[in-house]
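Below: one structure, written as structure tokens.
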Amino acid sequence: MTSEEIREVIIDILGDIAPDEELGDLKDEIAFRDQLELDSMDFLDIVMELRKRYRVQVPEEDYGELASMQSTVTYLEPKMQDVEKA
Amino acid sequence: MYDTVIIGAGMSGLAAGIRLAHYDQRVCILERHTTIGGLNSFYRLGGRDFDVGLHAVTNFTPKGARKGPLARLLRQLRFRWDDFALAPQIGSEIAFPQERLQFGNGIELLESEVARAFPAERDAFANLMEKIVDYDDLNQELFEISTREILAETIRDPLLIEMLLCPLMWYGNAREGDMDFGQFCIMFRSIFCEGFGRPFAGVRLILKNLIRKFRRLGGELKTRAGVDHIHVENGRAIGLVLENGQEIEAAQIISSAGLVETMRLCDDVSQVDTTHAGRLSFMEAISVIDVEPQDVGLEKTVVFFNDSESFCWERPDTLIDARTGVICSPNNYAYTGQGETFPEGMIRITAQANFDRWHALDESSYQQEKTKSYNELVASAVRFIPDFRHRVIATDIFTPTTIRRFTGHDQGTVYGATHKILDGHTHLPNLHLCGTDQGFIGIVGSMMGGISIANHCLSGVHSSDSPILEGGS
């Protein structure tokens, strides 16, 4: 997956978690917590959705890497480079 | 073999089931009755729809709010705000003979009412608010400190203390006399800081959405499937035996049956500790009137009334205690949907009741006492709201024995055990509690409770301070 495809995956997951949110205006460099007020339960959900959909494991000590779209894509790139887009 | 079997298709069990099924677990919910909902169910009588339990969905926050338990619940269960179609309350009231306090959704109205009626307590109320905001939900030790002690340290006027306690105890206090400070904070936020809402179609709309989602995710629901016992071997639950003899294997069990009730199901437990069993139960007098309540001058969504010196929150020795009660009307919400008007009105009045007294009555005295208690309770309530008795066209009444029949809870308790187990753990590693005895109260609260236990099961984390267990009512 390319970084652009990974970004789409994350947008898709966020759209699933928060269907009432307008995600078109999401700023990649600003923390999800500040833009969408996601809490720790939601971050865990992103991790669980990644595992469910792509079998990507994010260990607990790396949860901090999922703070913003930018950091999430950077973190997931090496982990998902061999993953086929669903 | 199921990954998880859930006992009880109430709000908490259904919410837990959705989470687990969403993450590809094989889940089965066992429900003793033919209908789902548990404490929050519904029925039809004489061509009319009635709700049980639900007076109001507490924790109401408007569409677009991202904070608070309702927003969090919607994200966890993947619902849109519109799916629950909650209309906000019109306005509620705490009514004592000496004073009345209005409150609405959001803390502002209550704040100004406290300032108006208790000007000397303005700062004290602000101090109390700070303590509530700072309170950490999930600390089990802090949870059980005495609310009465904290209130006595903060507020001088005993009347204000009783008036604040009245609605919060009414909507979720399992203890008698006093209240856990943790529960008080949760209730304060869910009722005074957030507020009340209700779907026009009542609780059935919420249940319908939950069960539809659960089934779509592959979850199984078995009704008329009462559990006879949970089979335990070598310190683990390995399966369940139903009352009809059927055996079901499960890697994990989540029970919403209640703490004492669940322990009694375990075949490795010979002596069930009932020290913390709850015994608060209710009677409800339901009146259908031929006009809307507003036509007879009842313009409040919920009225919490009390006329004793200090608000008395305990099991009465008599059949009912009509000195304090809750009056609510499903008509009095700001519905805006098309066709969302009622042809008639419904007024529900709830009072404390004594299970043993009701249980001891034979059939004919039970019927007589129901009518007498209905009259006594309505007479008490109309001291605080306009008298509607000349407009009544139908009535229904439920008592503690009705509650026990439909929930299976000992003593017909509504708020469960007096000691809450926030993380739902039991003596077995793969048996968890969810629902009322986990300390999560209200429709949103009980669903959040189920979600927190499901998340706990999904992550396999066993510490109670796990970040995913970030609670709230």
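The values are calculated or read from the model by the stated rules, or taken from the named source; none is laboratory data. Everything numeric here is computed off the predicted structure, so don't read it as measured data. When we count neighbours, we look across all protein chains shown, and the Cβ atoms used for this are built from the backbone with ideal geometry, even at glycine.
Could we say that B:R236 is touching a residue at least 40 places away in the same chain (Cβ under 8 Å), over 23 Å from B:A15 (Cα atoms) and either crowded, with 20+ Cβ neighbours inside 10 Å or not hydroxyl-bearing (S, T, Y) (or both) here?
On the way: touching a residue at least 40 places away in the same chain (Cβ under 8 Å): yes; over 23 Å from B:A15 (Cα atoms): yes; either crowded, with 20+ Cβ neighbours inside 10 Å or not hydroxyl-bearing (S, T, Y) (or both): yes.
Yes; evaluated as a whole, the condition is true for this residue.
Every residue in the range B:79-100 that is part of a loop (DSSP other than H, G, I, E, B) and out of contact with any Pro (no Cβ under 7 Å at 6 or more places or on another chain), please.
Narrowing the range B:79-100 to residues part of a loop (DSSP other than H, G, I, E, B): B:79-80, B:85, B:90-91, B:96-99.
Residues satisfying the conditions are B:F79, B:I90, B:G91, B:F96, B:P97, B:Q98, B:E99.
Answer with yes or no whether B:L14 is surrounded by 24 or more Cβ atoms within 10 Å (Cβ to Cβ), away from every other protein chain (no Cβ under 14 Å), assigned to a loop (DSSP other than H, G, I, E, B) and touching a residue at least 60 places away in the same chain (Cβ under 8 Å).
On the way: surrounded by 24 or more Cβ atoms within 10 Å (Cβ to Cβ): yes; away from every other protein chain (no Cβ under 14 Å): yes; assigned to a loop (DSSP other than H, G, I, E, B): no; touching a residue at least 60 places away in the same chain (Cβ under 8 Å): yes.
Taking the combined requirement at face value, the residue does not satisfy it.
Can you go through B:R215, B:R122 and tell me which one is assigned by TED's automatic domain parsing to the domain that holds B:R264, farther than 19 Å from B:V414 by Cα and at pLDDT 95 or above?
Numbers: B:R122 fails: assigned by TED's automatic domain parsing to the domain that holds B:R264.
Exactly one residue qualifies, and that residue is B:R215.
In the range A:16-33, what residues are of a type outside the set (V, I, T), away from chain B (no Cβ under 11 Å) and surrounded by fewer than 17 Cβ atoms within 10 Å (Cβ to Cβ)?
Correct list: A:L23, A:G24, A:D25, A:K27, A:D28, A:E29, A:A31.
Looking at the structure I just gave you, is B:L207 in contact with a His (Cβ under 6 Å, 6 or more places away or on another chain) and either in the same structural domain as B:L259 (by TED's automatic domain parsing) or acidic (D, E) (or both)? Walk me through how you get there before you give the answer.
Numbers: in contact with a His (Cβ under 6 Å, 6 or more places away or on another chain): no; either in the same structural domain as B:L259 (by TED's automatic domain parsing) or acidic (D, E) (or both): yes.
So B:L207 fails the test.
Could you list, in sequence order, all residues of the range A:39-68 that are closer than 24 Å to B:A21 by Cβ and either facing chain B (nearest Cβ under 8 Å) or in contact with a Ser or Thr (Cβ under 6 Å, 6 or more places away or on another chain) (or both)?
A:D39, A:S40, A:M41, A:D42, A:L44, A:D45, A:M48, A:K52
So how many residues does the range B:101-145 have that are in a helix (DSSP H, G or I) and not polar (S, T, N, Q)? Give the derivation first.
We begin by selecting, within the range B:101-145, every residue in a helix (DSSP H, G or I); these are B:108-117, B:119-134, B:140-143.
Subsequent filtering for residues that are not polar (S, T, N, Q) retains B:108-111, B:113-117, B:119-126, B:128-134, B:141-143.
Counting residues in the range B:101-145 that are in a helix (DSSP H, G or I) and not polar (S, T, N, Q) gives 27.
Tell me which strands (runs of 3 or more DSSP E) are completely within the range B:194-259 and hold 2 or more residues being closer than 30 Å to B:H55 by Cα and within 22 Å of the chain's Cα centre (by Cα), or say none if there are none. Give the derivation first.
On the way: elements: B:197-199, B:220-222, B:227-233, B:236-242, B:247-255.
It comes to B:197-199, B:247-255.
Could you check how many residues of the range A:10-62 are free of Cβ contacts under 8 Å to residues at least 60 places away in the same chain and under 10 Å from the mean Cα position of the chain (by Cα)?
Our first condition is that a residue be free of Cβ contacts under 8 Å to residues at least 60 places away in the same chain; within the range A:10-62, this holds for A:11-62.
Right, trim to under 10 Å from the mean Cα position of the chain (by Cα) and you get A:11-14, A:32, A:43, A:45-47, A:49-50.
Qualifying residue count for the region: 11.
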